[in-house]
Amino acid sequence: MPSRSLVARLWLPTAILTAAGFGLWVPAAGDWLSAHRAPTVLVPVIMLLISLRVPGSQLLDAVRHPLALLGSLALIYGAFPLVALGWQALLGPAGPDPRTALIILAAQPSTLATATVLTHLAGGNAGLAVVCTAASQILSVVATPWILELYVGHAVPVDAWGLAWDLVRSVLLPVIAGQLLRVPLRRWIERRSWALSLAAESMVVLFVLMGFSTAREVLLREPFVALTVVGTVVAIHATMLVLSTGAGYLLRLDGAGRIAMTLASSQKTVAAGVLVWQSGFAANVLGPIFVVLNHLIQTVFDALLAPFMSRIRIGKRRLFPLTS
């Protein structure tokens, strides 16, 4: 019988891979969730569950460290588009369509739900992850169209008011509600923390299901192209992880802060990427392939990595030392 700790570490990546396969095989469930706007419910619920388990002092501490926030934004919108283009030049596929598809991927903000859940799973500073991912969403109003215009020559405008309301509804209100409920329910939350984590992680699996159901037609129509994309996407995400970790060291963050910097900066949102593709680049069949495969690879790899991050060593020193 496998140990409970092993099952706890492997269930999430296993569930994610299963959801990806299910989305390709039977897309009806994922299509139904997308059609009924499930993300508008799932994201606030995930943020509420995370907030219930995060002390308010951790959130305030994250706000008081602007260099970490600025460093994360510089990576997301400054370095990562260049990383994507660099790996395309080395690994391909070549041509204007792959270049555009990669820029669509690289121009996106961090994913709110997945990055926060994985940071919490790794024992990182979930408060810093919430702040960094929310800030990247806010900046995307300006940054995403600018990056697309700069590298592709065609910008897709972002609905600033819609995004602002979405952040209030999906992040601010659930986080405040979680902090208010945390005070009277602290002991209850501590006894059932495993159930709260399981619920949040299960919702991440649903995002993968919806992503693969949405992109099913394109992925199955271009299977060989999808395979050539995998190597490039793996290299891009690995580079993002390394650069984010290095930035955490340069900014002298503690282990929990480095985990948050690494995961919150390198996790790209799939929903915004698919929306940008549909709105301005629907003729480019590689758009959803890059965005969805990147989402699968980053989510599976980081879900496997997260439980072990505090144990990673370089020589005798831990890369992400946790003091508690």
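The values are calculated or read from the model by the stated rules, or taken from the named source; none is laboratory data. Since this is a predicted model, take the numbers as computed values, not measurements. Glycine also receives a Cβ, built like all others from the backbone with ideal geometry; neighbour counts cover every protein chain displayed.
Here are the numbers for this structure:
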| quantity | calculated |
| --- | --- |
| The stretch 47-103, residues that are among the charged types (D, E, K, R) and touching a helix residue (DSSP H, G or I) at 6+ places or on another chain (Cβ under 7 Å) | ARG53, ASP61, ASP97, ARG99 |
| Only listed residue being surrounded by fewer than 17 Cβ atoms within 10 Å (Cβ to Cβ) and either part of a helix (DSSP H, G or I) or over 14 Å from the mean Cα position of the chain (by Cα) (or both), chosen from LEU220, LEU305 | LEU220 |
| In the stretch 308-321, residue nearest to the chain's Cα centre (by Cα) [restricted to those that are buried (at least 17 other Cβ atoms within 10 Å of the Cβ) and farther than 27 Å from ALA19 by Cβ] | PHE320 |
| Of all residues making up the stretch 93-112, the number that are surrounded by fewer than 20 Cβ atoms within 10 Å (Cβ to Cβ) and β-branched (Val, Ile, Thr) | 0 |
| 1 or more residues exposed (fewer than 13 other Cβ atoms within 10 Å of the Cβ), free of Cβ contacts under 8 Å to residues at least 60 places away in the same chain and more than 19 Å from the chain's Cα centre (by Cα): qualifying helices (runs of 4 or more DSSP H) within the stretch 1-92 | 4-25, 28-35, 56-63, 66-74, 80-91 |
| Any hit, the stretch 269-289, residues being part of a loop (DSSP other than H, G, I, E, B), within 12 Å of the chain's Cα centre (by Cα), among the β-branched types (Val, Ile, Thr) and within 24 Å of TYR151 (Cβ to Cβ) | yes |
| Index of the failed condition, GLY123 passing every other in (1) in contact (Cβ under 8 Å) with a residue 60 or more places away in the chain; (2) on the phi < 0 side of the Ramachandran plot | (2) |
| Cβ-Cβ under 6 Å pairs, at least 6 apart or on other chains, the stretch 136-154 side in contact (Cβ under 8 Å) with a residue 24 or more places away in the chain, far side of a type in the set (Ser, Thr, Tyr) | SER136/SER110; ALA143/TYR77; VAL152/THR100 |
| Which listed residue, of ALA177, ALA160, ALA164, ALA134, is within 30 Å of LEU319 (Cβ to Cβ) and either at pLDDT 85 or above or of a type in the set (Gly, Ala, Ser) (or both) | ALA134 |
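Matching residues to (1) in a helix (DSSP H, G or I); (2) hydrophobic (A, V, I, L, M, F, W, C); (3) within 30 Å of TRP25 (Cβ to Cβ); (4) at pLDDT below 85:
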site: ILE189; (1), (2), (3), (4): yes, yes, no, yes
site: PHE212; (1), (2), (3), (4): yes, yes, yes, yes
site: THR228; (1), (2), (3), (4): yes, no, yes, yes
site: GLY231; (1), (2), (3), (4): yes, no, yes, no
site: ALA238; (1), (2), (3), (4): yes, yes, yes, no
site: ALA247; (1), (2), (3), (4): yes, yes, no, no
site: LEU253; (1), (2), (3), (4): no, yes, no, no
site: LEU263; (1), (2), (3), (4): yes, yes, yes, no
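For every residue, the table says whether it meets (1) surrounded by fewer than 21 Cβ atoms within 10 Å (Cβ to Cβ); (2) out of contact with any helix residue (DSSP H, G or I) (no Cβ under 6 Å at 6 or more places or on another chain).
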site: ALA143; (1), (2): yes, no
site: ALA164; (1), (2): yes, yes
site: ARG169; (1), (2): yes, yes
site: LEU185; (1), (2): yes, yes
site: GLU190; (1), (2): yes, yes
site: VAL208; (1), (2): no, no
site: GLY211; (1), (2): no, no
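Here's the yes/no breakdown for (1) among the hydroxyl-bearing types (Ser, Thr, Tyr); (2) in contact with a helix residue (DSSP H, G or I) (Cβ under 7 Å, 6 or more places away or on another chain); (3) in a helix (DSSP H, G or I):
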| site | (1), (2), (3) |
| --- | --- |
| LEU105 | no, yes, yes |
| ALA115 | no, yes, yes |
| GLY123 | no, yes, no |
| CYS132 | no, yes, yes |
| GLU149 | no, no, yes |
| HIS154 | no, yes, no |
